[in-house]
Amino acid sequence: MIKIHATKKLLSKLPVDGDGFLPEDKNQHALQKSPTESPLSSWHANLIILQRRNCILLVHDTTRFPLFIPCLTKPDFANLNWHFQDSLMNTLLKIGANQQQLDASAAHLSQLQFDSTCDRSVQGTMNQMKGDIENMLWYDNANVTELSGYRTGVWLSDRPCTVKGQKECIWPQKTMLALLEKV
């Protein structure tokens, strides 16, 4: 399973069961529901409203690698397993991940499990990224419906991030690719 630590605002929109899993979609291939955590596990997620559109920003806890999923409708929240998988694989492709890294990522994809625990350091990074997206939309006079989630994720990951307890900044793209090399 891949644990997602969601904000209360996002959890209220998700149709999760008592264990934090989304309902299975019969039209998509089933993701494995394993009792052990995937090496890709531990993300924080927040629902952000941009220009009256529901968007989700996810940040990986250790690498600070972001995923941005724009313009979701109510049925999309039930299919968040697919949206996460699509966003992760395509964002990795856009940052230049090699075939070995893409295969490692695909092999460790599993069903998402949501809870409400949080890490303030990761939430701080998410808030900075949210502010960057809002500033980009305002400064470029752009429309959120025209944003590519993959491209926005790449743009957000190409900057240094600080992590509580570490002296050095980390670069999310490089750190995520290094994690995939180890897996």
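All of the numbers you see were taken from the coordinates with simple rules; none came from a lab. Owing to the predicted nature of the structure, the values given are computational and were not obtained by experimental measurement. Here the Cβ positions follow ideal geometry from the backbone for every residue, glycine too, while neighbour counts run over all protein chains shown.
Past the 29 Å Cα-Cα mark, which pairs from K130/K164; K74/K182; K74/K130; K74/K94; K130/K174? Intermediate values should be presented prior to the final figure.
Details: K130/K164 19 Å; K74/K182 37 Å; K74/K130 21 Å; K74/K94 27 Å; K130/K174 21 Å.
Going by Cα-Cα distance, K74/K182 fall outside the 29 Å limit.
Among beta bridges identified by DSSP and lying wholly in the chain, the antiparallel ones come to about 70 percent. Modelled label positions at N143 and M89, each set 7 Å beyond Cα in the direction of Cβ, lie 3.0 nm from each other. Set Lys and Arg Cβ to +1 and Asp and Glu Cβ to -1, take the dipole of region 2-182 about its Cα centre, and tell me which of G153, T36, A78 lies farthest positive. It is G153, whose Cα lies furthest towards the positive end. With the simple model of a label 7 Å out from the Cα in the direction of the Cβ, Q100 to D76 spans 3.6 nm.
Stretching the chain fully between V183 and R53 yields a gain of 43.2 nm (0.36 nm per residue, less the alpha carbon separation).
Compute the length gained on full extension between R151 and C169: take 0.36 nm times their separation in residues and subtract their Cα-Cα distance, giving the result in nm to one decimal. Walk me through the numbers before you get to the answer.
Values: separation 18, 0.36 × 18 = 6.48 nm, distance 2.24 nm.
Here the segment from R151 to C169 would lengthen by 4.2 nm.
Projected label points at T117 and E134, each 7 Å from Cα along the beta carbon direction, are separated by 2.9 nanometres. When only the Cβ of Lys, Arg, Asp and Glu is charged (+1, +1, -1, -1), the dipole of region 2-182 relative to its Cα centre reaches about 360 debye.
Based on other C-beta atoms within 10 Å, arrange W43, W138 from fewest to most. It would help to have the intermediate numbers written out before the result.
Values: W43 24, W138 9.
Least to most surrounded, the residues fall as W138, W43.
Think of it as helices only: each DSSP H run of n ≥ 4 in the chain is worth -39500 (n - 2.57), and spread over all residues that comes to -12000 deg cm²/dmol at 222 nm.
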